[in-house]
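The block underneath contains the structure these notes are about, expressed in structure tokens.
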Amino acid sequence: DAGVIQSPRHEVTEMGQEVTLRCKPISGHNSLFWYRQTMMRGLELLIYFNNNVPIDDSGMPEDRFSAKMPNASFSTLKIQPSEPRDSAVYFCASTRGESGANVLTFGAGSRLTVL
Amino acid sequence: KQEVTQIPAALSVPEGENLVLNCSFTDSAIYNLQWFRQDPGKGLTSLLLIQSSQREQTSGRLNASLDKSSGRSTLYIAASQPGDSATYLCAVRRGGNKLTFGTGTQLKVEL
């Protein structure tokens, strides 16, 4: 298995631009998570999906952030408009099941820089 | 609100030394605890997962223990090697699929 695949690996954009991050979870995993990592705040859960349905989006910072999971093999995290304080590494992770009993597998991350 | 603390924040040891990393959490009603490793510029790699009913898990030179009642977990690394240099994070799951991460311990193993 290729693991959790994220794209792009790096993105540099200007303030006000729209940013779309993409994630392909491991085949057979039905739970998907978006995390953000910064030096100041560490790893923060933004949103997670079970069976393509958003379960908890309480970590989404504000309305500028949105996430979708149109099918079991693809998810997007969109920031519109982007701001410099959104600069961070965004991780996607997936696991099998909804109970939390199984290992969470992370992608390599998307490093976002907003100028 | 669950808070997860890792001490020390950074650690430097000579190669071959045995070491212990600490993780503490404020809410003992956890479902399981997971230890991860993160290399610079990379994602997180799962090392060990301990269910709440377990006391420890072992994988090679790694041993993780869990004392739920006191809100503590330790990660023991035997005979450390330079390749063990990384940031180690613990994460607790209270219920459902939501993990709360610690701030991590940055480990450097020197030749």
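Bear in mind these aren't lab numbers, they're just calculated from the coordinates by the rules spelled out. The structure presented is a predicted model; accordingly, all values stated were derived computationally and were not measured. Because the Cβ atoms are built from the backbone with ideal geometry, glycine has one as well, and the counts that use them run over all protein chains shown.
For the range A:25-115, state what percent of all Cα-Cα pairs lands in each successive 5 Å bin, counting from 0 Å until the bin that includes the largest distance.
Whole-percent P(r) values from 0 Å outward: 3, 14, 25, 27, 17, 10, 4, 1.
Nearest 5 is fine: what % of DSSP beta bridges in the protein assembly as shown come out antiparallel, could you say?
90
As a test of understanding, state the convex hull volume per residue of chain B from its alpha carbons, in Å³.
Measuring per residue, one finds 93 Å³ for the Cα hull of chain B.
So how far apart, in nm, are the two label points at residue A:51 and residue B:54 if each is 7 Å from Cα heading toward Cβ?
Spacing of the two 7 Å Cα→Cβ label points: 2.7 nm.
Given a Förster radius of 30 Å and the C-beta distance between residue B:9 and residue A:72 as r, what FRET efficiency does 1/(1 + (r/R0)^6) yield to the nearest 0.05?
Once the sixth-power term is evaluated, E becomes 0.20.
Need one value for A:62-72: mean number of C-beta atoms belonging to other chains within 10 Å of its residues' C-beta atoms.
Other-chain Cβ atoms within 10 Å of each residue's Cβ, averaged: 0.
Students often forget the sequence filter, so: which aspartates and glutamates lie under 12 Å Cα-Cα from residue B:108 once same-chain residues fewer than 8 apart are removed?
Residue B:108 reaches B:15, B:17, B:39, B:84.
Across peptide B:40-46, how many C-beta atoms of other chains are within 10 Å of each residue C-beta, on average?
6
If you plug each phi of the range A:81-95 into the Karplus form 6.51 cos²θ - 1.76 cosθ + 1.60 with θ = phi - 60°, what whole-Hz ³J(HN,Hα) values come out, in order, with x for Gly and Pro?
For the range A:81-95, the Karplus curve yields x, 7, 10, x, 6, 7, 4, 4, 9, 9, 10, 10, 9, 9, 8 Hz.
Could you calculate the FRET efficiency of residue B:17 with residue A:87 from 1/(1 + (r/R0)^6), where r is the beta carbon distance between them and R0 is 22 Å, rounded to 0.05?
0.05
Over chain A, what is the percentage of antiparallel beta bridges among all DSSP beta bridges, to the nearest 5?
Of the beta bridges lying entirely in chain A, close to 90 percent run antiparallel.
Compute the FRET efficiency between residue B:1 and residue B:110 as 1/(1 + (r/R0)^6), taking r as their Cβ-Cβ distance and R0 = 35 Å, and round to the nearest 0.05.
Between residue B:1 and residue B:110 the formula returns 0.40.
What does DSSP give for chain B in terms of the percent of beta bridges that are antiparallel, rounded to the nearest 5?
Counting only bridges with both partners in chain B, antiparallel ones make up about 90 percent.
Would you mind estimating how fast the range B:12-62 diffuses translationally, via Stokes-Einstein at 25 °C and 0.890 mPa s with the Kirkwood radius over Cα pairs, in µm²/s?
In µm²/s, the coefficient is 185.
Over all directions, what mean area does the Cα convex hull of the protein assembly as shown project, stated in square nanometres?
Result: 12.2 nm².
For residue B:98, which lysines qualify as cross-link partners when the Cα separation must be under 22 Å and same-chain residues fewer than eight apart are set aside?
Residue B:98 reaches A:24, A:68, A:78, B:1, B:42, B:68.
Compare the peptides B:98-107, A:7-16 by average per-residue count of other Cβ atoms within 10 angstrom and give them in order, highest first.
B:98-107, A:7-16
Only loop residues by DSSP count here, and only those with at most 16 other Cβ atoms within 10 Å; note down the GluC sites (Glu not before Pro) in the range B:1-98 that meet that.
Sparse-neighbourhood loop GluC sites (Glu not before Pro): B:3, B:15, B:17.
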